[in-house]
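Please treat every number below as a calculation from the coordinates, not as lab data. Note that the structure is a prediction, hence the values are computed from the model and not measured. Don't worry about glycine lacking a Cβ; one is built from the backbone with ideal geometry, like all the others, and counts go over all protein chains shown.
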Amino acid sequence: MTGLERPDKPNQQEPIAVIGMGCRLPGGVESSDDFWDLLVEGRDVIGEIPPERWDRQRHHDPDPRRPLHQHVLRAGLVEGIDRFDPGFFGISGREAQCMDPQQRLLLEVCWRAIEGAGQPIEQLRGRAVGVFMGISSADYSALLWASEAQYLTPDNEPFILTGNTGCIAANRISYAFDFKGPSFTVDTACSSSLVAVHLACESLRRGESELALSGGVQALIHPGIQMSFCKAGLLSPSGRCRSFDAEADGYVRSEGAGAVLLKPLRAALRDGDPIEAVIRGTAVNSDGRSQGIAAPSQKAQMACVQAAYTAAGLSPAAAQYVEAHGTGTRQGDPIELRALGAVLGAGRSAAKPCLVGSVKSNLGHGETAAGITGLIKTVLCLKRRQIPASLHYSRPNPSVDLHGLGLKVSDALMPFPAEDQELVASVSSFGFGGTNAHAVLSASPELDGDCAKPSVSAAPALQLLWLSARSPEALAVLCRDYAEWLQTHPEVEIADLCASTHLRRSQFNHAVALIAGSRQELLNQLLGQGAVAWSGEVPSKGQAALPASLENFQLKMLSPGASGRRMLEELVQALSEGAPMSWSTWHEGADWCWVQPPGHPFLRSRFWWSSMETAAKDAKASLWLDHLGLTSPAPQPQTVLRLQRLDLPGATQHWNVELDAHCVPDLKHHR
C-alpha cells in the first residue's frame, strides 16, 4: 500500500479526510489524546508567566495606561518550549539554538501527525506532499538580534537567517522529510492556521498535492506584543477567557502548535487509512472596508460561514456544534454570535439549538495556532461523539439573545444533540486584519465500524516484533513506552501491535527483535525482564539477503512450536545483517487490525537563547558550552566545507554539508 496515487480527476467538492493529528499545547498536552483528556476534564491551564520567559518586574505595571508595560501576567504556555531533539531531524545543536522554537514545534507536531496517520516516512519521501503552515510572530529573533554581540557570529549568522525567516517554517518540514509538494507559510494573524487548512484542501482537490500537512504555531517569548495588546485593551485583566459570558473582559494569550495530515477521502478509504473526521467544505473571505481595519464584520463572517456550508453541499441546519472563534472580547463575541445565529440558527426549533463552544476558555487564545487548535478539538468531538464544556460561562452576554439566535453555549460535557443523524460540526477563525475562515466537518464514515478482520485462520502462537529507533537511547525509551502502552491497552492483541508497527511505523537502524507467544512474554522482554532475540544496529547498506526459504514466506504459514521459533530466529539473523524485508508480504492475509502504538520518542535537551548578563554570571549558560563543549576554542584552520553524517528519519544515508560563507564570497548572491 502506498496511499499516494492521485485521484483520476480533480474534484472541487472532494471531501478531505483528516488521517493524522499532532499537537503540543499548554497543560502538558503532547498528543490529541492528552488534548481530549484536558477537554473532558474541563481544565483551565492558563497560569502565571514565569520569569524564564521575560523579566516581569521590569515590564509589569498594574496601571494599564503606562506605556511599554503590561498589566496582565497570565498566559497559556507550553511546557519545555526551550527543549528540542535536533538530532532526530538532522539538525546540529548550534543550528537548533538559533532556530525559532516555532519551527521546532512544527517539526514535532508534523511528525506526530504522520505517525498518527500510520504513514511510514520512507513511503512519503520524494512525493507531492504539500506543507501549509500558519505563522506570524517572530519573538525569538528579537531576542537574538538584541544580543547580537553574543549570537551574531560568522558561524551563527546563516542559522539565524534560516531559523527565523517565516517561510522556512514550512520549507524546513519539506526539506526534513523530502516532500515535493507546495510548501509555504500563511500569515493572516489569528486565522492563519485555518486559512492554511483551506489552502491545503484546495491543493488536494486540484490534484496538486497527494497528501498535505497543514497547521500553525505560536510562541510567546518576547513581551513586546503582550505590551501592545495590553495598551489596545484586548487582554483580560482577570486572566481568563470568559467566552460568551457577561463578565468577559478580554482574552488571555496562549501558545502551542498543531498539524493535521490530510488526504482525499476516496484515497483514504481505498488505502485503509485511519479517518479521524472528514472536512466537507471550507471558505475564506475578508471584511473589506469595515468600521476599522481591526474591527470584526458581522456581514463578512456570515458570508464566510454560508460559503463554507455551500462548498460542503450541506445545509447550515445540519450543524449540531460550532467551535467559535470566541476570544472573550466585549466587541468580538456578540458580533460573532449574531453572525453564527443568522446562518446556523435560522429556522431551528427552540428545542434543537446549535451548540457553541470555544477552546480558548481552556487554553487561552493561541492566535496563529488558534484555528488548528479549534479544528483538532472539533475532530476529537466528532470522533468521540461528545462536546466538552466551554469554561467560565455562567451568564450570557446581555447584548445577545442566544435563544432567539437558535444557539446554546455548551456548558457541560454532553453528547451530540441528534446522534441518530449525520454528525456535522464547524470551526470559525478570524484574523484581526479582517481575514475570516470557516471549515465544515462531519464524522468519519467508518466511525461506527469495528475492525473487521479477514476470514482467515487464527493468528500464529508466535509473533515477531521488530522495533526500531534512531538511537540506542531512543530505542530504550520506545521499549518502555510500548510496555506501558501494552499494560494500559489490555484489549489489544499482540498480532495487531506487531503488524501495526511493521506496516505503519517508520523504520530506523537501531532495532530490537522480540519473539513472543503471549502478551506477558512480550511485556517481559520490553521491560528487560526476558531475553530478546537480538538487539543492535543494522548496517545501513547490509549485504545480507533473506534465506531462500523466507523470501516469500508469510506469517500465517509459520509452524507452531520449536520449528516456528527457529524460523523466526533465522529471519531475525538476516534482518540484523541488513537483509531487505517486505513486511507487507510477511503480514499478507494475516489476522490483524490497525492500532496506534506509541510514537518515536523525542529526546529533548535545552536549546535556548541566554542573555549577555546570564552568560557573564554563568560560564555554562551559553549553549555553545552546554552542547558543543567549547570552553576556550583554539583557532581552527579555515575550511570551506564540513561534513557530518546524519541519521535522518527513514533515510538510508544522509550527510549534512556546512558551507562557510566567509570562504565563499559569492554565496550572498545565491537566490
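Highest mean first, what order results for 366-375, 102-111, 520-529 on Cβ atoms within 10 Å?
Numbers: 366-375: 31.5, 102-111: 27.1, 520-529: 17.4.
Ranked from most to least packed, the peptides come out as 366-375, 102-111, 520-529.
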Final fewest-first order of Ser361, Ser191, Ser147, Ser576 on the 10 Å Cβ neighbour count is Ser147, Ser576, Ser361, Ser191
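What share of the DSSP beta bridges in the chain is antiparallel, in percent to the nearest 5?
Details: 59 of 83 bridges.
Bridges in the chain that DSSP calls antiparallel: roughly 70 percent.
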Packing-ranked peptide list from 316-323, 559-566, highest mean Cβ count within 10 angstrom first, is 316-323, 559-566
A correct Karplus calculation of ³J(HN,Hα) over segment 125-136, with 6.51 cos²θ - 1.76 cosθ + 1.60, θ = phi - 60°, whole Hz and x for Gly and Pro, returns 4, x, 9, 7, 9, x, 10, 10, 10, x, 7, 9
Once phi for every residue in segment 514-521 is put through the Karplus expression 6.51 cos²θ - 1.76 cosθ + 1.60 (θ = phi - 60°), the whole-Hz ³J(HN,Hα) values, with Gly and Pro written as x, are 10, 10, 9, x, 7, 4, 5, 5
Scaled by the rule-of-thumb 2.2 N^0.38 Å, the alpha carbon Rg for segment 463-587 gives a ratio of 1.00
With x for Gly and Pro, the residue-by-residue ³J(HN,Hα) of segment 107-121, computed from phi through the Karplus equation 6.51 cos²θ - 1.76 cosθ + 1.60 at θ = phi - 60° and given in whole Hz, is 4, 5, 5, 5, 4, 5, 5, 5, 4, x, 7, x, 10, x, 4
Under 5 Å from the placed amide H of Trp534, counting only residues 5+ away or on other chains, we find Ala513
Expected sort for Thr585, Thr327 with the fewest Cβ neighbours (10 Å cutoff) up front is Thr585, Thr327
Of the listed links Lys383/Lys541; Lys263/Lys408; Lys299/Lys377; Lys231/Lys383, those spanning more than 31 angstrom between alpha carbons are Lys383/Lys541; Lys263/Lys408; Lys231/Lys383
Which of (i) 175; (ii) 592; (iii) 153 is the computed volume of the Cα convex hull per residue in Å³? It is (i)
Once both label points are put 7 Å beyond Cα along the C-beta direction, the Leu527-Thr153 separation in nm becomes 4.8
For Ser444, other-chain or 5+-apart residues with amide H closer than 5 Å (H placed, Pro excluded) are Val278
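Arrange the following residues from fewest to most other Cβ atoms within 10 Å of their Cβ: Met133, Met557, Met21. All intermediate terms of the calculation are to be shown ahead of the outcome.
Details: Met133 33, Met557 13, Met21 27.
Sorted ascending by nearby Cβ count, the order is Met557, Met21, Met133.
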Interchain or sequence-distant (5+) residues whose placed amide H lies within less than 5 Å of the amide H of Ile387 are Met414, Phe416
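If we sort 230-240, 531-541 on the protection proxy, mean other Cβ atoms within 10 Å, highest first, what's the order? Before the final figure, lay out each step's value.
Working: 230-240: 18.7, 531-541: 14.5.
Ranking, from highest mean packing down: 230-240, 531-541.
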In whole angstrom, the spacing between the Cα centers of segment 521-576 and segment 85-102 equals 36
